[in-house]
Amino acid sequence: HAAYAARYMLESCPNSRQEKEEEGSYSFGLRKICTPGPLCLLFTEFCAVIPFMVFTSNIGYVTQVNYGLSAIGTSFCMLSWAVIDAVGVIGTQCLQSTTGLSIPQISRMMMVTFGLTGILSVFLGSFSE
């Protein structure tokens, strides 16, 4: 899903006068979302967010039980993860402002990054017990 979204992602905004008039209706919004492009982006978002949520909800247990870290060690691990996330967001915003990349270009780059992260996670998971 991430590769498809990175390849075919487009910036969308209402172009025609008819679209601007229909924009406020519920059925127009539903028709706009239920096209292949936005559905692919929603599925990609699910693929990116759900593993992240599973990771953050289970990391405390994994670090304490599988790796034998104390509660303080687990807390530092979770704190470092939050710092890495914050640095990533700030770095992305700096990259966008300094290079002048458009939102679709940044989004494509983020989808490629999510895909590479997934591949790395599968690779690292193959070394687990």
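Highest average first, the peptides 58-64, 110-116 ordered by how many other beta carbon atoms sit within 10 Å of their residues are 110-116, 58-64.
Multiplying the residue separation of Asn66 and Ile119 by 0.36 nm and subtracting their alpha-carbon distance yields 16.9 nm.
Rolling a 1.4 Å probe across all protein chains gives Ser57 an accessible area of roughly 80 Å².
For the stretch 67-81, the Karplus equation 6.51 cos²θ - 1.76 cosθ + 1.60, evaluated at θ = phi - 60°, returns couplings of 9, x, 6, 6, 5, 5, x, 5, 4, 5, 4, 5, 5, 5, 5 Hz by residue, with Gly and Pro reported as x.
Each residue, Val49 and Leu95, gets one label point 7 Å from its Cα in the Cβ direction; the gap between the two is 2.1 nm.
The values are calculated or read from the model by the stated rules, or taken from the named source; none is laboratory data. Computed from a predicted model, the values in this text were never measured in an experiment. Please note: Cβ atoms are built from the backbone with ideal geometry, for glycine as well, and neighbour counts cover all protein chains shown. When the accessible area is computed, the model is the full protein with side chains, heavy atoms only, and any ligands, DNA or RNA have been set aside. Shrake-Rupley method; radii C 1.70, N 1.55, O 1.52, S 1.80 Å.
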